[in-house]
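Chemist: Would you mind keeping the following structure in view while I ask a few things?
The values are calculated or read from the model by the stated rules, or taken from the named source; none is laboratory data. Treat the numbers as computed from the prediction; the structure is a model and nothing was measured. Reconstructed Cβ throughout: ideal geometry from the backbone, glycine too, with neighbour counts over all protein chains shown. Each accessible area value is taken on the protein alone, full model and side chains, heavy atoms only, with ligands, DNA and RNA left out. Shrake-Rupley method; radii C 1.70, N 1.55, O 1.52, S 1.80 Å.
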Amino acid sequence: MASVTLSEVRKAYSGFAVIHGIDLEVQSGEFLVLVGPSGCGKSTLLRMIAGLEEITDGTISIADRIVNDLPASQRNLSMVFQSYALYPHMSVRKNLAFGLSNLRMPKDEIQRRVADAARILQIEELLERKPRQLSGGQKQRVAIGRAIVREPQLFLFDEPLSNLDAELRVQMRVELAGLYNRLGTTMIYVTHDQTEAMTMATRIAVLNKGNLEQIGTPYELYNAPKNLFVASFIGSPKMNLLSGKATGNKIELPGFGALAFVGAAGEMTVGVRPEHLSIGEPDGRRAEGTVTLVEYLGSEVFIYVALIDGQTLLAQAPGNASYKRGDKVHLSFRGADAHFFDSKGLRIEAPR
Amino acid sequence: MLKFLRRNFAGYAFLSPWLVGFFLLAIGPILASLYLSFTKYNVVRPPQWIGLEHYFYMFEFDDRFKKALQVTFTFVVISVPLKLIFALGVAMALDKGIRAIGWYRALFYLPSILGGSIAVAILWRQLFNYEGVVNSVLSLIGIQGPYWLADPDYALWTLIVLAVWQFGSPMLIFLAGLRAIPQDLYEAAEIDAAGPVKKFFAITVPLLAPVIFFNLVLQMIEAFKSFSGAFIISGGSGAPLDSLLFFTVYLYNEAFSFLRMGYASALAWVLLLIIALFTIVAFWTSKYWVHYENERG
Ligand SMILES: Nc1ncnc2c1ncn2[C@@H]1O[C@H](COP(=O)(O)OP(=O)(O)OP(=O)(O)O)[C@@H](O)[C@H]1O
Ligand SMILES: [Mg+2]
């Protein structure tokens, strides 16, 4: 187990900056998930921690030791690649043992560790097979097995489940969480899957265009997003964003009318999550609209409602709600459930 | 049959230049040479059937035949591995991502285009002459070079150098093969604490094995058949002291200097069988060291 500290870490590819000075502290034993849109630099950041990519500027330390100039093999970490990167010409057993024999570990110790990993991951019958004779899920297990035999102080995962089908992904997610609980090793996990991030992380770091937007527990990110980017990135389906005008003691929201709000005047954005937008409740502040699309998911229904001004909002209703396209409905929300963002997109804590 | 012909006439018409070439210029002479190898034939008089006599004579009495085999084997065994190692080395250096790689590729490939030509063989003779460029350069650093071409101990080496210098085409094939190895395997190996040597032998070589094998077979066949360099540099006779008596040179001499067409044909068939034998052995051993990615095993 080890803590990982990044300070002012930058990366540029031949002058073109892709990571713009990131400070990040990963505590020992933490499961940190890195999320962000495609191309935001998640893999680059992870590969810099791994030692596969040079750091242009800043320092990275693992277990309080600066590793900037330490080769990947000496950082005492394991990495699971999106492509699995299994050695195609070696049997599963050799794939698992390769790193250990490079470390000149005694044979019986290697054998013990390989057997342990195979048992934990239930790949004992596959040990003599070649990677091409394995299914995607089995390859994934072998890749994880290769990571755990090292008994490293840090695990790095780069979208390890993204090549699996939905069902297998859920299963492996649970297994990975189980593995984490069992080993307790520090993990840094890159994904763009919301559910993976929310369910597995002790903390999530949201990256955007090479900047760290926010880091916090899944609860914090969901309930108190620091800015508009995090607000719309975390949560699926997305938060509804309404633009309005603050006048000092209230906000004018087109369609909904006035919302009490004490603060500076100016352009504002009000965010409401779909599950906080209720349909048909007759109390005070409400907007009229027409249902344009209904998505039935069984336990819940997503209802797209076009307001009179043309804006479409998404509301979530229980699975037994019976709305149809074309229905005229009223939308409302509680002021306490709303998120407020100023004209720069930064969160404003509403005075309660 | 007629219907078949009518339907496919256009196809065969387009194939005809090749078909004519293949049957008249390739299959015909091949079969003729097989027949001639069982005859005594000096071009002037009609061939005279003697059965396997040429073959018996070759293996029992012909010392020049044995010398030719020895020279050819030596050449193949030394030049092919050297050329492949050199080609792989250069390919790996280029694969590391050098600027203007296209220029280097062209530059390194050039000898392969020129190398087989008579002109280059003549140039080679000038270079390795006792007063040639090679010895002048050597004398600059205080070494008196030998009589490269006149000394039987050195003559073959000039041809080996000439062959290795034509490393361009195996290099290009290696380069393509290296490009096909996924980069993340090297990264996984990096994390698995494999050093450069370990990466080379544990990742590069096994994954490149099909390409290495392909190059090995191709270059081996080419080396067995190589002719023009030895012919020019040895003055057409395999001199000095038969040290450049390549199998092909011997064959040429028998055929066109001594007009022993029947015997030369027999020699040609023996060379074909030797090449076939080596190729079969190579394929047979490949089971044990060549790993094919897309093959079920
Ligand atoms: N070797 C490279 N040379 C130049 N630019 C690169 C290189 N590798 C990555 N980049 C750029 O760096 C940025 C970040 O890439 P990175 O692979 O880290 O994104 P990512 O967040 O992992 O995206 P994804 O979710 O699609 O995997 C991208 O704009 C990419 O184009
Ligand atoms: Mg990535």
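Chemist: Restricting to segment A:42-56, give me the number of residues that are farther than 30 Å from B:Ala209 by Cα and at the interface with chain B (Cβ under 9 Å from one of its Cβ atoms).
Modeler: The number of residues fulfilling the criteria is 0.
Chemist: Going by the structure shown, is A:Met90 open to solvent by 30 Å² or more (accessible area, probe 1.4 Å), more than 16 Å from ligand 2 (Cβ to nearest atom) and either within 11 Å of chain B (Cβ to nearest Cβ) or at pLDDT below 95 (or both)?
Modeler: Against the criterion (open to solvent by 30 Å² or more (accessible area, probe 1.4 Å), more than 16 Å from ligand 2 (Cβ to nearest atom) and either within 11 Å of chain B (Cβ to nearest Cβ) or at pLDDT below 95 (or both)), A:Met90 does not qualify.
Chemist: Name every residue in segment B:258-273 that is in contact (Cβ under 8 Å) with a residue 12 or more places away in the chain and either open to solvent by 30 Å² or more (accessible area, probe 1.4 Å) or within 14 Å of chain A (Cβ to nearest Cβ) (or both), in order of residue number.
Modeler: B:Leu259, B:Arg260, B:Met261, B:Ala268, B:Trp269
Chemist: Working carefully through the options B:Leu218, B:Leu207, find the one that is open to solvent by 20 Å² or more (accessible area, probe 1.4 Å), touching a Phe, Trp or Tyr at 6+ places or on another chain (Cβ under 9 Å) and closer than 26 Å to B:Ile101 by Cα.
Modeler: Criteria check complete, one pass: B:Leu207.
Residues are listed down the side, and each one gets a yes or a no for (1) more than 14 Å from chain B (Cβ to nearest Cβ); (2) modelled with pLDDT under 95; (3) assigned to a helix (DSSP H, G or I); (4) out of contact with any helix residue (DSSP H, G or I) (no Cβ under 8 Å at 6 or more places or on another chain):
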residue	(1), (2), (3), (4)
A:Met1	yes, yes, no, yes
A:Glu8	yes, yes, no, yes
A:Ile22	yes, yes, no, no
A:Ser28	yes, yes, no, yes
A:Gly39	yes, yes, no, yes
A:Gly58	yes, yes, no, yes
A:Asn68	yes, yes, no, yes
A:Tyr84	no, yes, no, no
A:Arg104	no, yes, no, yes
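Chemist: Can you tell me which of A:Thr195, A:Thr199 is modelled with pLDDT under 90, open to solvent by 60 Å² or more (accessible area, probe 1.4 Å) and in the same structural domain as A:Ile22 (by TED's automatic domain parsing)?
Modeler: A:Thr195
Chemist: If we scan segment A:39-52, do we find a residue that is within 16 Å of ligand 2 (Cβ to nearest atom), surrounded by fewer than 19 Cβ atoms within 10 Å (Cβ to Cβ) and over 21 Å from B:Ala189 (Cα atoms)?
Modeler: yes
Chemist: Restricting to segment A:10-20, give me the number of residues that are within 16 Å of ligand 2 (Cβ to nearest atom) and within 14 Å of another protein chain (Cβ to nearest Cβ).
Modeler: Residues that pass the stated criteria total 1.
Chemist: For A:Arg113, only one of the following conditions fails: (1) within 16 Å of ligand 1 (Cβ to nearest atom); (2) more than 19 Å from B:Gly195 (Cα to Cα); (3) among the basic types (Lys, Arg). What is its number?
Modeler: All conditions pass for A:Arg113, except number (1).
Chemist: What number goes with the only condition from (1) within 14 Å of ligand 2 (Cβ to nearest atom); (2) farther than 27 Å from A:Ile148 by Cβ that A:Val33 does not pass?
Modeler: A:Val33 satisfies all of (1) within 14 Å of ligand 2 (Cβ to nearest atom); (2) farther than 27 Å from A:Ile148 by Cβ except (2).
Chemist: In addition: Restricted to segment A:214-252, and to residues that are of a type in the set (D, E, K, R) and free of Cβ contacts under 8 Å to residues at least 40 places away in the same chain, which residue is most open to solvent (accessible area, probe 1.4 Å)?
Modeler: Per the criteria, the residue is A:Lys245.
Chemist: Restricting to segment A:39-82, and then to whatever is basic (Lys, Arg) and within 15 Å of ligand 1 (Cβ to nearest atom), can you tell me which residue is farthest from A:Ala2 (Cα to Cα)?
Modeler: Result: A:Lys42.
Chemist: Kindly list the number of the only condition in (1) open to solvent by 50 Å² or more (accessible area, probe 1.4 Å); (2) closer than 23 Å to A:Val174 by Cα that fails for A:Pro106.
Modeler: Status for A:Pro106: all satisfied but (2).
Chemist: Anything in segment A:140-163 that is within 16 Å of ligand 1 (Cβ to nearest atom), part of a loop (DSSP other than H, G, I, E, B) and buried (at least 18 other Cβ atoms within 10 Å of the Cβ)? List them, or say none.
Modeler: A:Glu159, A:Pro160, A:Leu161, listed by residue number.
Chemist: Select from segment A:328-341 the residues that are open to solvent by 40 Å² or more (accessible area, probe 1.4 Å) and assigned to a loop (DSSP other than H, G, I, E, B) and list them in ascending order.
Modeler: If the condition is that a residue be open to solvent by 40 Å² or more (accessible area, probe 1.4 Å) and assigned to a loop (DSSP other than H, G, I, E, B), then A:Arg334 is the only one that fits.
Chemist: Looking only at segment A:276-285, how many residues end up being under 24 Å from A:Asn223 (Cβ atoms) and either touching a strand residue (DSSP E or B) at 6+ places or on another chain (Cβ under 7 Å) or aromatic (Phe, Trp, Tyr) (or both)?
Modeler: Looking only at that region, the number is 6.
Chemist: Which residues, counting only those in segment A:202-213, are away from ligand 1 (no atom under 13 Å from the Cβ) and open to solvent by less than 20 Å² (accessible area, probe 1.4 Å)?
Modeler: Selection gives A:Ile204 alone.
Chemist: Now for a separate question. Can you pull out the residues in segment A:118-139 that are assigned to a helix (DSSP H, G or I), more than 14 Å from chain B (Cβ to nearest Cβ) and open to solvent by less than 20 Å² (accessible area, probe 1.4 Å)?
Modeler: Listed by number, the residues that qualify are A:Ala118, A:Leu121, A:Leu126, A:Gly137.
Chemist: Here's a follow-up. Mind checking which helices (runs of 4 or more DSSP H) fall wholly inside segment B:152-209 and carry at least 3 residues that are facing another protein chain (nearest Cβ under 9 Å) and either modelled with pLDDT under 90 or under 31 Å from the mean Cα position of the chain (by Cα) (or both)?
Modeler: Per the criteria, no element qualifies.
Chemist: Which one is nearest to ligand 1 (Cβ to nearest atom) among residues in segment A:18-38 that are surrounded by 15 or more Cβ atoms within 10 Å (Cβ to Cβ) and over 30 Å from A:Arg182 (Cα atoms)?
Modeler: A:Val18
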